[in-house]
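Colleague: One structure, pasted below without further comment.
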Amino acid sequence: MNGKRTRIINDPSDLVPLLQAFGSEGHKKVFDELCKEWKTEQELAELIGDGSGVARSIDLLRKSGLVETKWRVPEPGKPPAKEYHSTYSRVQANFLSTMEDLSELIRLTFMSEEELRTVTENLKKQVTEGNTSLSNLSRELGYSQIFVKGVAKRAEGLTVRGQRVELSE
């Protein structure tokens, strides 16, 4: 673990997926296992015992940029499998934020999916219709830019690229 890189956080909205990942026992277990060695989703599910939770954890950790992926060379006659490993062993935070923005991001992190559903659906609808500018989305939805950015970083199917929110795979 000593040879890994340092994750540098320059934007407070990057805290949302990080806090979400480490605020859950299941996600934390998956991350801890991936710090030790490369593992496939199936190996993690067998080790931790929660197949669907493991897939969700991997997705969240990938979106947070905390895990890397590679293809495992299969044994003859078996299909290749993706395996995962943690990307960073350290974090360095370097940002300035108002307490209001920081409190909004922390609240957003721990909101239930139900509480966030309407905001996420409206955001996806706007982006699908071509409104991708962070400032326009903020104005249209009636939320601060930091909140919209945090929602996009938390939501499945959305990604933030600079000052735009886009649909992801």
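The values are calculated or read from the model by the stated rules, or taken from the named source; none is laboratory data. For clarity, every value in this text was computed on a predicted model and none was experimentally measured. Every residue, glycine among them, receives a Cβ derived from its backbone with ideal geometry; neighbour counts consider all protein chains shown.
Colleague: What do you reckon, is residue 14 of a type in the set (Asp, Glu) and crowded, with 19+ Cβ neighbours inside 10 Å? Explain how you work it out, then say what you get.
Modeller: Details: of a type in the set (Asp, Glu): yes; crowded, with 19+ Cβ neighbours inside 10 Å: yes.
So residue 14 passes the test.
Colleague: Being farther than 24 Å from residue 7 by Cβ and in contact (Cβ under 8 Å) with a residue 24 or more places away in the chain narrows it down to one of 81, 155, so name that one. Give the derivation first.
Modeller: On the way: 155 fails: farther than 24 Å from residue 7 by Cβ.
Answer to the check: 81.
Colleague: Determine, yes or no, whether residue 79 is touching a strand residue (DSSP E or B) at 6+ places or on another chain (Cβ under 9 Å), surrounded by fewer than 14 Cβ atoms within 10 Å (Cβ to Cβ) and either assigned to a loop (DSSP other than H, G, I, E, B) or modelled with pLDDT of 95 or more (or both). Before you say what the answer is, go through the steps one by one.
Modeller: Details: touching a strand residue (DSSP E or B) at 6+ places or on another chain (Cβ under 9 Å): no; surrounded by fewer than 14 Cβ atoms within 10 Å (Cβ to Cβ): yes; either assigned to a loop (DSSP other than H, G, I, E, B) or modelled with pLDDT of 95 or more (or both): yes.
No, not satisfied.
Colleague: Which is surrounded by 13 or more Cβ atoms within 10 Å (Cβ to Cβ) and either in a loop (DSSP other than H, G, I, E, B) or without any contact (Cβ under 8 Å) to a residue 24 or more places away in the chain (or both), of 107, 117, 62? Don't jump to the end; show me each part of the working.
Modeller: Values: 107 fails: surrounded by 13 or more Cβ atoms within 10 Å (Cβ to Cβ); 117 fails: surrounded by 13 or more Cβ atoms within 10 Å (Cβ to Cβ).
The conditions single out 62.
Colleague: Which number in (1) within 12 Å of the chain's Cα centre (by Cα); (2) farther than 27 Å from residue 163 by Cβ marks the one condition that residue 43 misses?
Modeller: (1)
Colleague: Still on this structure, please answer the following. Quick one: how many residues across segment 92-104 are touching a residue at least 12 places away in the same chain (Cβ under 8 Å) and either of a type outside the set (Phe, Trp, Tyr) or closer than 20 Å to residue 167 by Cα (or both)?
Modeller: Within segment 92-104, residues that are touching a residue at least 12 places away in the same chain (Cβ under 8 Å) and either of a type outside the set (Phe, Trp, Tyr) or closer than 20 Å to residue 167 by Cα (or both) number 7.
Colleague: Going through segment 90-121 one residue at a time, which ones are touching a helix residue (DSSP H, G or I) at 6+ places or on another chain (Cβ under 6 Å) and over 25 Å from residue 65 (Cβ atoms)?
Modeller: Scanning segment 90-121 gives no hits.
Colleague: Related question: Taking segment 120-155 as the search range and keeping residues that are β-branched (Val, Ile, Thr) and over 20 Å from residue 10 (Cα atoms), which one is surrounded by the fewest Cβ atoms within 10 Å (Cβ to Cβ)? It would help to see each step written out before you state the result.
Modeller: If we filter segment 120-155 for residues that are β-branched (Val, Ile, Thr), which is where we start, we get 120, 127-128, 132, 146, 148, 151.
Those left that are additionally over 20 Å from residue 10 (Cα atoms): 120, 127-128, 132.
Working: 120: 17, 127: 21, 128: 11, 132: 16.
Looking at residues that are β-branched (Val, Ile, Thr) and over 20 Å from residue 10 (Cα atoms), I get 128.
Colleague: Sticking with this structure for a sec: Please find, within segment 24-59, the residue that is modelled with the highest pLDDT out of those that are part of a loop (DSSP other than H, G, I, E, B) and out of contact with any strand residue (DSSP E or B) (no Cβ under 9 Å at 6 or more places or on another chain). Talk me through it step by step, then tell me what you get.
Modeller: Initially, segment 24-59 is screened for residues part of a loop (DSSP other than H, G, I, E, B), giving 24, 37-38, 49-50.
From what is left, the residues that are out of contact with any strand residue (DSSP E or B) (no Cβ under 9 Å at 6 or more places or on another chain) are 24, 49-50.
Values: 24: 83, 49: 79, 50: 70.
Per the criteria, the residue is 24.
Colleague: Something else about it: Hey, residue 89 hits all of (1) among the polar types (S, T, N, Q); (2) modelled with pLDDT under 90; (3) part of a helix (DSSP H, G or I) but one; which does it fall short on?
Modeller: Condition not satisfied by residue 89: (3).
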